[in-house]
1. Among 99-109, 192-202, how do they line up from the highest to the lowest mean number of other beta-carbon atoms within 10 Å?
2. Over the stretch 164-213, what per residue volume does the convex hull of the Cα atoms give, in whole Å³?
3. Going from most exposed to least, what order do Asp134, Asp113, Asp165, Asp97 have by accessible area with a 1.4 Å probe?
4. Enter the accessible area of Lys224 (Å², nearest 10), with the probe set to 1.4 Å and all protein chains included.
5. What pairs in Lys135/Lys224; Lys124/Lys180; Lys147/Lys224; Lys124/Lys224; Lys155/Lys224 have C-alpha atoms more than 22 Å from each other?
6. From the protein chains alone at 1.4 Å, what is the descending order of accessible area for Glu39, Glu122, largest first?
7. Restricting the calculation to Cα positions, tell me the Rg (one decimal) and the Dmax (whole number) of the stretch 111-249 in Å.
8. Based on the alpha-carbon gyration tensor of the stretch 126-206, what equivalent-ellipsoid semi-axes (square roots of 5 times the eigenvalues) come out, in whole Å, largest first?
Amino acid sequence: MIRQAIITTLTLILLSSCQFDQKKLINQQLEEKQDVIMELQDQIDHLQSTNDNLLDRMADLSVINRNDAESIRESMRSLNRQFEYIEELSDEVERKDSINQLLAATLKSSLIDYDDSDIQVEVKGNAVMVSLSDKMMFSTGSARINKAAYEVLGKVALIINEQSDMNVLIEGHTDNVPIKNRVYRDNWDLSVHRATAVVRLLQNNFQVDPQRLTAAGRSEYLPKSNNDSTTGRRNNRRTEITITPRLDDFFKLLEVSAELS
């Protein structure tokens, strides 16, 4: 009986001790959690204070915006107008590109019966260029147009006359072999006379408006190929007809855009 009583007493003491330790651990954990809560509360208070300051500053900004609203709106309207003109210019460029592609396709179709080595048509930049070989256009050292070239130039003139908003540049090109005879002093002279001969034919025979025509001689100084070979020199002797859209519309739009800026 005594032994049993001792065991019971010791058990109660141990249980009490365990309960005390558990309470102590729980209290310690509660204190730690309380510290965390207080730290978080401090952070919340700091954030709240920061937000209050930001709200105050936003309120100040709203006052400024109200005072300057009309000026800002006018600036935005000006920018919108400029963007509209930029879009209009872009549309005009796209329209010109489409016209050039169609023009090149029409010229190629019209001149399809001729040898590609004599006639080349391509879109180059914002223009359409027709390159005519020296062999088809002129006799050696001469600016007199061959009768065989009349038909070709007539077909080109027909398409030019259908495009009234296009300007036409005629360029004469030679190789680098010097020329000097009783008629032409040098390649400059020959290239200019060839260009003006084509211009006169387009005006007089095919009624192309002379105000749309420009004649230029480039001599040997804008070669397509190397002049060291017979083939290269043959490629360089040519007449180029460059058809370009008039830029009046572009300049008018740019002037209006500049006034808005």
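1. Ranking the peptides 99-109, 192-202 by packing returns 192-202, 99-109.
2. Considering the Cα atoms of the stretch 164-213, their hull volume per residue is 79 Å³.
3. Sorted descending by solvent-accessible area, the residues read Asp113, Asp97, Asp165, Asp134.
4. Solvent-accessible area, nearest 10 Å²: 90 Å².
5. Working: Lys135/Lys224 16 Å; Lys124/Lys180 33 Å; Lys147/Lys224 26 Å; Lys124/Lys224 14 Å; Lys155/Lys224 25 Å.
With Cα atoms farther than 22 Å apart: Lys124/Lys180; Lys147/Lys224; Lys155/Lys224.
6. Order by accessible area, largest first: Glu39, Glu122.
7. 14.5, 46
8. On the way: eigenvalues 119, 36, 24 Å².
Its equivalent ellipsoid spans semi-axes of 24, 13, 11 Å.
The values are calculated or read from the model by the stated rules, or taken from the named source; none is laboratory data. Just so it is clear, the model here is predicted, and its values are computed rather than measured. Neighbour counts are summed over all protein chains in view; Cβ atoms, including those assigned to glycine, are modelled from backbone coordinates with ideal geometry. Protein only, heavy atoms only, side chains kept; ligands, DNA and RNA dropped before computing areas. Shrake-Rupley method; radii C 1.70, N 1.55, O 1.52, S 1.80 Å.
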